[in-house]
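Remarks on the structure that follows.
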Amino acid sequence: MAKDNTFNLVLDKFYQGLSPLAFNNPLTEVGGGGSASAMTNCDIINGDYLTQGPALANLTNGTQAGVVSELVNFILDRAVTDSVTYGIGATKLFKITPSAVTTDANWPQAITSCTEGESVQLLKGKLYYFFNKSSGGEIGRYDLSSSFDHDWGSTVPTGAAALQHAPHPCDKKEDIMLFGNGRYAGTYIAETNTLDVDKLDFGNDCEVADIVYSAGYWYIAVNSGISGTNRTEGQIYLYDGSATTSLLQDETGVGMQRIGFLYRVNGIIYVAFQDLTSAGLNIGYIMGSQIKPLKKFTGTLPNYQQKTLYKNTILFVSSGSIYSAGAMIEDLPYQISQIADGGYATVGAIAAPFGTPMVASTASTNYRLAKFSGYDVACSWKSLIIPTIQDGILGYIDSITVLTTSLGANARCDLQIQANQGLTNSNTLSITGTAKRVHNMTATGLAGIEDLRISLNWENGNATNDCPIRKIFVKGHFLEN
């Protein structure tokens with residue numbers, strides 16, 4: 001019986017996202033047929049195809065030419081009134097609608113002594129804004145009409161006091177706020193107008209990283225140790241929802257790893273954390289008294305200001321890029337992917353208070369607050385490395401067939417085969433043609449190869465009509481030299 005000397009490769013199921021080892025090796029072979037070894041600004045979370053990620057469009061007045069002349073650090077991830085939410089920057093409070101940053105006699109609102117805005121929270125019809133000053137910190141309050149009290153926290157409530165100069169993550173339930181205050185977690189109970197800025201004390205070298213409320217408990221993430229390039233230890237404490245006791249209910253340790261943020265989705269508490277001894281960062285979830293790791297990603301550790309929900313996945317910021325983690329529906333596997341660019345090099349807040357994600361960024365004296373709009377063209381995707389050698393015999397590519405959706409005018413994606421550990425490139429083959437869905441290509445320009453990966457690039461694509469990839473078929477044969 002003659003030996004079959006042909007091979008047929010199929011690349012599909014792109015919803016698998018990045019390979020489990022993409023964070024460590026861009027030439028990885030580990031993963032499924034649709035896993036990526038690398039990607040830039042690609043959307044795979046729809047489940048049916050791989051396509052260009054969303055581009056960014058500035059909000060009206062959303063740059064330094066308008067009224068955003070500083071980085072917006074935090075955006076409240078819900079509407080406060082119809083089509084209105086609020087954000088805080090280095091020195092100002094911003095009023096934000098789905099399409100614009102408000103400018104009038106009150107907005108943006110300069111905050112007395114503010115040098116670093118931290119967070120914003122809505123409680124019982126009042127807006128509270130947490131910020132740092134040159135020394136210490138403060139809580140301001142806005143009545144949602146016309147009255148701003150920039151030193152409310154240190155002058156008005158029972159227990160009035162200044163805050164530490166520290167991050168101030170915050171969450172609320174009913175009439176209670178719990179907020180981070182350096183080594184402390186503070187509480188404010190609106191019913192009794194009582195503030196306690198150091199209700200819980202976690203110790204000298206500790207700092208509250210994030211707080212979320214879920215199912216009767218506060219989850220408080222605390223890092224201990226010296227931050228920066230030093231190794232730190234993370235703990236997640238459970239605290240009674242009434243916030244009246246000084247006793248903690250339980251704790252979950254992530255060990256010698258730093259916690260970035262907590263996020264609640266469908267009753268599950270997800271955690272972003274980092275081990276300095278290992279490449280990549282982690283996202284996982286709390287399971288009993290342990291953290292169950294899910295995926296790893298590269299870049300910087302995102303914080304409590306840099307997370308939101310998008311199509312049932314967690315969007316977060318890392319090294320100026322926006323990642324998606326999760327699955328749009330339960331039938332799809334949990335994935336991690338790099339879905340969009342964050343704008344300028346330094347990215348601040350991300351939120352989706354009106355359904356469409358918006359993101360703040362800066363570079364030098366340039367600032368922007370932008371939202372997802374249209375399609376990016378600075379997009380690329382690379383498959384896993386796939387061996388094409390059999391019994392020492394090299395493989396030859398006979399044809400490539402790409403299936404797309406029915407393409408619109410000027411939609412385009414360019415394909416290359418990167419062979420021999422990425423050192424040899426094929427000719428560039430264009431996937432384009434109005435209303436075309438099947439694209440057959442043969443002129444690769446390659447001789448015998450030991451392995452391949454498919455490289456896709458949309459830089460010649462279109463910002464209105466994307467070029468979605470459904471499947472890629474590669475046919476070849478083995479032939480001795």
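The values are calculated or read from the model by the stated rules, or taken from the named source; none is laboratory data. Note that the structure is a prediction, hence the values are computed from the model and not measured. Using ideal geometry, Cβ is built from the backbone for each residue, glycine included, and neighbour counts are taken over all protein chains shown.
Please enumerate the residues belonging to the stretch 122-140 that are closer than 19 Å to Thr155 by Cα and either buried (at least 17 other Cβ atoms within 10 Å of the Cβ) or outside the structural domain of Val197 (by TED's automatic domain parsing) (or both). Scanning the stretch 122-140 gives Leu123, Leu127, Tyr128, Tyr129, Phe130, Phe131, Asn132, Lys133, Gly137, Glu138, Ile139, Gly140. If you scan the stretch 375-424, which residues turn out to be closer than 15 Å to Arg470 by Cβ, crowded, with 22+ Cβ neighbours inside 10 Å and among the hydroxyl-bearing types (Ser, Thr, Tyr)? Across the stretch 375-424, the qualifying residues are Ser383, Thr404. Within the stretch 1-55, the set of residues being part of a strand (DSSP E or B) and either surrounded by fewer than 16 Cβ atoms within 10 Å (Cβ to Cβ) or free of Cβ contacts under 8 Å to residues at least 24 places away in the same chain (or both) comprises Thr6, Asn8, Val10. Within the stretch 89-121, the set of residues being β-branched (Val, Ile, Thr), crowded, with 20+ Cβ neighbours inside 10 Å and within 25 Å of Pro357 (Cβ to Cβ) comprises Ile96, Val101, Val120.
The set of residues in the stretch 17-55 being over 21 Å from the mean Cα position of the chain (by Cα) and among the β-branched types (Val, Ile, Thr) consists of Thr28, Val30. Taking the residues in the stretch 191-230 that are in contact with a Cys (Cβ under 9 Å, 6 or more places away or on another chain) and crowded, with 20+ Cβ neighbours inside 10 Å as candidates, determine which candidate is nearest to Val156 (Cα to Cα). Per the criteria, the residue is Ile211. Scan the stretch 276-291 and report the pairs whose first residue is not assigned by TED's automatic domain parsing to the domain that holds Asn24 and in a strand (DSSP E or B) and whose second residue is hydrophobic (A, V, I, L, M, F, W, C) and surrounded by fewer than 15 Cβ atoms within 10 Å (Cβ to Cβ), with Cβ atoms within less than 6 Å and a gap of 6+ or a chain change. From the stretch 276-291, the pairs are Tyr285/Ile268.
Tallying residues that are charged (D, E, K, R) and without any contact (Cβ under 8 Å) to a residue 24 or more places away in the chain within the stretch 321-374 yields 2. State all residues of the stretch 292-328 that are part of a loop (DSSP other than H, G, I, E, B) and either within 17 Å of Asn223 (Cα to Cα) or among the polar types (S, T, N, Q) (or both); if no residue qualifies, say none. Result: Thr298, Thr300, Leu301, Pro302, Asn303, Tyr304, Gln305, Asn312, Ser319.
Do we have Ala166 as assigned to a strand (DSSP E or B), over 15 Å from Tyr128 (Cα atoms) and of a type outside the set (Val, Ile, Thr) here? Steps first, please.
Values: assigned to a strand (DSSP E or B): no; over 15 Å from Tyr128 (Cα atoms): yes; of a type outside the set (Val, Ile, Thr): yes.
No, not satisfied.
If you check Gly461, Gly448, Gly408 for being in the same structural domain as Gly33 (by TED's automatic domain parsing), of a type outside the set (Val, Ile, Thr) and modelled with pLDDT under 95, only one passes: Gly448.
Report yes if some residue within the stretch 169-177 is more than 19 Å from Asp77 (Cβ to Cβ), in the same structural domain as Ala272 (by TED's automatic domain parsing) and surrounded by 20 or more Cβ atoms within 10 Å (Cβ to Cβ); otherwise report no. Checked against the condition, which is being more than 19 Å from Asp77 (Cβ to Cβ), in the same structural domain as Ala272 (by TED's automatic domain parsing) and surrounded by 20 or more Cβ atoms within 10 Å (Cβ to Cβ), the stretch 169-177 yields no hits at all. Scanning the stretch 425-448 for residues that are part of a loop (DSSP other than H, G, I, E, B) and touching a Cys at 6+ places or on another chain (Cβ under 9 Å) yields no hits at all. Candidates in the stretch 337-353 are the residues that are part of a loop (DSSP other than H, G, I, E, B) and buried (at least 18 other Cβ atoms within 10 Å of the Cβ); of these, the one that is nearest to the chain's Cα centre (by Cα) is Gly342.
Just to be sure, is Ile454 within 20 Å of His477 (Cβ to Cβ) and under 34 Å from the mean Cα position of the chain (by Cα)?
Working: within 20 Å of His477 (Cβ to Cβ): yes; under 34 Å from the mean Cα position of the chain (by Cα): yes.
Against the criterion (within 20 Å of His477 (Cβ to Cβ) and under 34 Å from the mean Cα position of the chain (by Cα)), Ile454 qualifies.
Against the list (1) outside any strand (DSSP E or B); (2) buried (at least 17 other Cβ atoms within 10 Å of the Cβ); (3) under 24 Å from the mean Cα position of the chain (by Cα), the condition Ala243 fails is (3).
Working only within the stretch 98-132, note down all residues that are over 29 Å from Asn58 (Cα atoms) and either at pLDDT below 95 or not in a strand (DSSP E or B) (or both).
Step one: list which residues in the stretch 98-132 are over 29 Å from Asn58 (Cα atoms), which gives 123-125.
Selection gives Lys124, Gly125.
Residues in the stretch 447-481 that are within 22 Å of Thr28 (Cα to Cα) and not charged (D, E, K, R): Gly448, Ile449, Leu452, Ile454, Ser455, Leu456, Asn457, Ile469, Ile472, Phe473, Val474, Gly476.
Restricting the search to the stretch 387-424, which residues are β-branched (Val, Ile, Thr), assigned to a loop (DSSP other than H, G, I, E, B) and more than 13 Å from Arg453 (Cβ to Cβ)? If you could, list the steps in order and put the result at the bottom.
From the stretch 387-424, those β-branched (Val, Ile, Thr) are 388-389, 393, 397, 400-402, 404-405, 417, 424; that's our starting set.
Keeping just the survivors that are assigned to a loop (DSSP other than H, G, I, E, B) gives 388, 405.
Thr405 - this is the single residue of the stretch 387-424 that is β-branched (Val, Ile, Thr), assigned to a loop (DSSP other than H, G, I, E, B) and more than 13 Å from Arg453 (Cβ to Cβ).
Determine, yes or no, whether Ala161 is outside any strand (DSSP E or B) and in contact (Cβ under 8 Å) with a residue 12 or more places away in the chain. Criteria met by Ala161.
Just to be sure before I move on: is Thr63 farther than 29 Å from Phe179 by Cα, assigned by TED's automatic domain parsing to the domain that holds Met358 and hydroxyl-bearing (Ser, Thr, Tyr) in the structure I sent? Judged against the criteria, Thr63 is a match.
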